[in-house]
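Engineer: Below is one structure. I have some questions about it.
Just so you know, all these numbers are worked out from the coordinates, no wet-lab data involved. A quick note: this is a predicted structure, and the numbers were derived from the prediction, not measured. Note that we place each Cβ from the backbone using ideal geometry, even for glycine, and neighbour counts take in every protein chain shown.
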C-alpha cells in the first residue's frame, strides 16, 4: 500500500475528497527494535494546522485515519522526541486500540482521541 492508494480508499469510504497529498501523512507498519508500528515525522509547524494521518496495517487490512486539529496539541516539543524541528513519533501496533507513541524522550502520548475512522480494504 502506498500513500496515494490509502488516500483513495479513505476518500471513497468517506464519500469525500477531504484528503490529499499536501494535508495527509502516511505510514505502513514497520519493524522497530522488538516492536512493530508506524513512524510519524511531523514538523512542529504542522501542529498549527489541521493534519491528517493514514496509518496502514496490511496484515489486518485496515487503514486508521487520525486527524490532529490546528493547535490541538499545544507545546508539541514537550510531548514528543524532537529532532531538527520535527516531532519523531513511533506508534506501536502491539495495541492499536491505544495508539500510543512509545519512543523514549516523549510523554507516551495517546493518539486514540484523534482517531476519526477506520477504513477496511
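Engineer: Provide the FRET efficiency to the nearest 0.05 for the residue 3-residue 78 pair, computing r from the beta carbons and using R0 = 25 Å.
Structural biologist: Numbers: r = 29 Å, r/R0 = 1.16.
Step by step, r from the Cβ atoms, then E = 0.30.
Engineer: From the list (i) 100; (ii) 111; (iii) 120, can you say which value of volume of the Cα convex hull per residue in Å³ was derived from the structure given?
Structural biologist: The listed entry that was calculated here is (i).
Engineer: Of 98, 61, 79, which is the most mobile in a GNM of the chain whose springs link Cα atoms less than 10 angstrom apart?
Structural biologist: 61
Engineer: Could I ask something else about it? Which order results if 109, 32 are arranged by neighbouring Cβ count within 10 Å, fewest first? Let's see the in-between values first.
Structural biologist: Numbers: 109 20, 32 15.
By the 10 Å Cβ count, ascending, the order reads 32, 109.
Engineer: Sequence gap at least 6, Cα distance under 8 Å: using those rules, report the relative contact order of the chain to the nearest whole percent. Working shown, then result.
Structural biologist: Values: 240 pairs, mean separation 29.5, N = 121.
Once normalised by length, the contact order is 24 percent.
Engineer: Quick one: work out the % antiparallel among DSSP beta bridges in the range 1-67, nearest 5.
Structural biologist: Details: 9 of 14 bridges.
If I count the DSSP bridges inside the range 1-67, around 65 percent turn out antiparallel.
Engineer: Rounded to the nearest 500, what is the 222 nm mean residue ellipticity of the chain from helices alone, with -39500 (n - 2.57) per DSSP H run of 4+ residues and division by all residues? Write down the numbers at each step before the final one.
Structural biologist: Working: 1 runs with 12 residues, N = 121.
When only DSSP H runs of four or more count, the value is -3000 deg cm²/dmol.
Engineer: If the label point is 7 Å along Cα→Cβ of residue 116, which residues in the range 46-66 have backbone nitrogen under 12 Å from it?
Structural biologist: 50-55, 64-66
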